[in-house]
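Right, one structure below, let's go through it.
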Amino acid sequence: MNQKIAVLIPCYNEALTIAQVVKKFQHILPQSDIYVYDNNSTDDTIAVATKTGAIVRSVAKRGKGNVVRAMFMEVSADIYIMIDGDDTYPVEDVNKLIKPIIEGKADMSIGDRHSNGSYKEQNSRNFHNFGNNLVKNLINKLYQENLKDIMSGYRGFNDDFVKHFPIHSQGFEIETEMSMHALDKGFKIAEVPIGYVDRVEGSVSKLNTYRDGLKILRTIFRLFKDYKPLAFFTAFATLFFILSLIVGIPVILEFIRTAYITLIPSAILAVGLMLIAIMSLFLGFLLDTIVRQHREDFELLRLSKKR
């Protein structure tokens, strides 16, 4: 295979496991360039990674999203593999992961930890399983898709995806943003079932279940607004419409019964809520037109670069 492969490993305090991950890739994909991007580790991650012969670079701004942004901007290749440095993802499955990319069947391949039940079996944090399912169901419902693992950190990409992915997230919500961007912009996605093992003893997860869970939900909320504005603002319009009816129906009934309105505050509130509903719906239609135009411009940009 003549295609240039880059292995991208974002790291923060992974001195216990990074050498194993790098050496496995050196054995399985000896032709690849292996990059370790350190994110201000306080242990010996940089020293250990350097000894393995990996290309080591540093990103000062804390957060996985910031590291991924630097990796995608600085590294050029035909095929990219992104994997965490904690040795929880099976490097042995990398050829399965990049096969859809090589064959042109996918722009992004996702290592699916859920189909074979390995993540549920190995992961002892039940709230993580709940959070993964919640995020997955929300995005699948939004895009009428059936992805199994929205938040996997083991992925393959082609150059088209990497160079056309504007990164906004700063932390661990980056995988969610990748999935939604691919779905919204029509990139081809392939999911590859993989195994998963929990961290080795002494290795500590950087995820905070509640804090990072809230960040991911906030990211979905923002991307929902940006990518699906008509659905987003229609939901708000419906809410304010119902509130307007709840407040306004007693006013209407009073007027029908007596030909007078004494509930003046309720009447004003009902009109205000109805105006907000109408404005939200109008705003949704307007932004939906803009987003559709943006998708068309984005597709034309991709096509022009392929010629």
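The values are calculated or read from the model by the stated rules, or taken from the named source; none is laboratory data. What you see is a predicted model; the values in this text were computed from it and never measured. Counting neighbours? That spans all protein chains shown, and the Cβs are built from the backbone with ideal geometry, glycine included. Only protein heavy atoms, including side chains, enter the accessible area calculation; ligands, DNA and RNA are left aside. Shrake-Rupley method; radii C 1.70, N 1.55, O 1.52, S 1.80 Å.
Per residue, the range 216-307 exposes 69 Å² of accessible surface when a 1.4 Å probe is rolled over the protein heavy atoms with every protein chain present.
Bridge orientation summary for the chain: considering DSSP beta bridges with both residues in this region, about 25 percent are antiparallel. Which FRET efficiency, nearest 0.05, do LEU269 and LEU134 yield, Cβ-Cβ r, R0 41 Å? Plugging the Cβ-Cβ distance into 1/(1 + (r/R0)^6) gives 0.75.
A simple spin-label model places the labels of LEU286 and LYS141 2.9 nm from each other, with each point 7 Å out along Cα-to-Cβ.
Applied to the range 170-178, the Karplus parametrisation 6.51 cos²θ - 1.76 cosθ + 1.60 on θ = phi - 60° returns per-residue 3J(HN,Hα) values of 10, x, 6, 6, 4, 5, 4, 5, 4 Hz, with x for Gly and Pro.
The stretch between LEU245 and LYS51, if pulled fully straight at 0.36 nm per residue, gains 63.0 nm over its current Cα-Cα span. A cut-off of 5 Å between modelled amide H atoms, ignoring neighbours fewer than 5 places along the same chain, links ILE34 with VAL7, ILE55. Per residue, the accessible area of the range 50-187 comes to 40 Å² when a 1.4 Å probe rolls over the protein heavy atoms. With the full set of protein chains in place, find how many percent of the accessible area of the chain is carbon and sulfur; take the probe as 1.4 Å. C and S fraction of accessible area: 61 percent. The length gained on full extension between ASP44 and ARG218, counted as 0.36 nm times the residue separation minus their Cα-Cα distance, comes to 59.3 nm. The LYS23 and ARG295 beta-carbon pair, evaluated with R₀ = 41 Å, returns a calculated FRET efficiency of approximately 0.45.
Backbone phi angles across the range 14-23, fed through the Karplus curve with coefficients 6.51, -1.76 and 1.60 (θ = phi - 60°), yield HN-Hα couplings of 10, 4, 5, 10, 4, 4, 5, 5, 5, 5 Hz in residue order; Gly and Pro are listed as x. Over the residues of the chain, the helix contribution to mean residue ellipticity at 222 nm works out to -18000 deg cm²/dmol, using -39500 (n - 2.57) for each DSSP H run of at least 4. Each residue of the range 264-279 was assigned a 3J(HN,Hα) from its phi angle through the Karplus expression (A = 6.51, B = -1.76, C = 1.60, θ = phi - 60°), giving 4, x, 5, 5, 5, 5, 4, 5, x, 5, 5, 5, 5, 4, 5, 5 Hz with x at Gly and Pro.
Using a 10 angstrom cutoff on alpha carbons, build the Gaussian network for the chain and name the most mobile of SER244, SER109, SER169. Residue with maximal mean-square fluctuation among SER244, SER109, SER169: SER244. The lysines whose alpha-carbon is closer than 22 Å to the alpha-carbon of LYS51, local same-chain residues fewer than 8 away aside, are LYS23, LYS24.
Output the direction-averaged projected area (hull surface divided by four) of the convex hull of the alpha-carbon atoms of the range 1-101, in nm². Could you put the intermediate results ahead of the total?
On the way: hull surface 23.9 nm².
Its Cα hull, projected and averaged over all orientations, spans 6.0 nm².
Give the label of the value calculated from the structure for Cα Rg over 2.2 N^0.38 Å, choosing from (1) 0.95; (2) 1.37; (3) 1.24. Correct label is (3). Between the residues VAL162, SER58, VAL75, the greatest Cα displacement towards the positive end of the dipole of the chain, with unit charges on the Cβ of Lys, Arg, Asp and Glu, is found for VAL162.
Result for the chain in a Gaussian network model with C-alpha springs under 10 Å: among GLU74, GLU175, GLU191, the largest mean-square fluctuation is at GLU74.
Under a model in which nothing but the beta-carbon of Lys, Arg (+1) and Asp, Glu (-1) is charged, the chain shows a dipole of about 480 debye around its Cα centre. As a rough guide to protection, the peptides 248-257, 61-70 ranked by mean Cβ packing within 10 Å, highest first, stand as 61-70, 248-257. Looking only at PHE157, PHE232, PHE221, which one moves most when the chain is put into a Gaussian network model with springs between Cα atoms under 10 Å? The residue that fluctuates most here is PHE221. Farthest towards the positive end of the charge dipole of the range 249-307, among the residues LEU275, ILE264, ILE249, is the Cα of LEU275, using unit charges on the Cβ of Lys, Arg, Asp and Glu.
The alpha-carbon of LYS228 sits under 20 angstrom from the alpha-carbons of these aspartates and glutamates, leaving out residues fewer than 8 places away in its chain: GLU145, GLU173, GLU175, GLU177, ASP184, ASP288, GLU296, ASP297, GLU299. Working from label points 7 Å from Cα in the Cα-to-Cβ sense, the GLN31 to SER76 distance is 2.0 nm. What pairs in LYS105/LYS225; LYS163/LYS188; LYS4/LYS61; LYS99/LYS185 have C-alpha atoms more than 25 Å from each other? Result: LYS105/LYS225; LYS4/LYS61 exceed 25 Å.
A straight chain from LYS148 to LYS61 at 0.36 nm per residue would run longer than the Cα-Cα distance by 28.2 nm.
Along each principal axis, taking the top coordinate minus the bottom one, the Cα set of the range 52-179 gives 35, 34, 31 Å in descending order.
Please report the antiparallel percentage of the DSSP beta bridges confined to the range 25-172, to the nearest 5. Around 65 percent antiparallel, to the nearest 5. Only protein heavy atoms count here; under a 1.4 Å probe, HIS164 has an accessible surface of about 20 Å².
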